[in-house]
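Take a look at the structure set out below.
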């Protein structure tokens, strides 16, 4: 998948809800990710930004979460 062809993103809060995981934990894991991994910041009118993920970003985060769970058993 070409990374410049992203047509939709999902907020981190939505991913956390769907996975029944802590949004804080997932946010911490995304700090290991780069833009090339599918992390996107969405800026609105206010200075508040929302962290979102492309489809590739969700898969990358899934891998990081799996590693985190294995390391903390």
* Among (1) surrounded by 13 or more Cβ atoms within 10 Å (Cβ to Cβ); (2) touching a residue at least 12 places away in the same chain (Cβ under 8 Å); (3) in contact with a helix residue (DSSP H, G or I) (Cβ under 7 Å, 6 or more places away or on another chain), where does residue 36 come up short? -> (1)
* To do: Filter segment 39-66 for residues that are over 19 Å from residue 6 (Cα atoms) and in contact with a helix residue (DSSP H, G or I) (Cβ under 9 Å, 6 or more places away or on another chain) and give the result.
  => 64, 65
* Structure fact -> By residue number, the members of segment 28-56 that are over 15 Å from residue 8 (Cβ atoms), out of contact with any strand residue (DSSP E or B) (no Cβ under 8 Å at 6 or more places or on another chain) and part of a helix (DSSP H, G or I) are 28, 29, 35, 36, 37
* Residues located in segment 5-19, provided they are outside any loop (DSSP other than H, G, I, E, B) and at pLDDT below 95 -> 5
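The values are calculated or read from the model by the stated rules, or taken from the named source; none is laboratory data. The shown structure was predicted, so the numbers you read here are calculated from the model rather than taken from an experiment. Methodologically, a virtual Cβ is constructed for each residue, glycine included, from the backbone with ideal geometry; neighbour enumeration extends over all protein chains shown.
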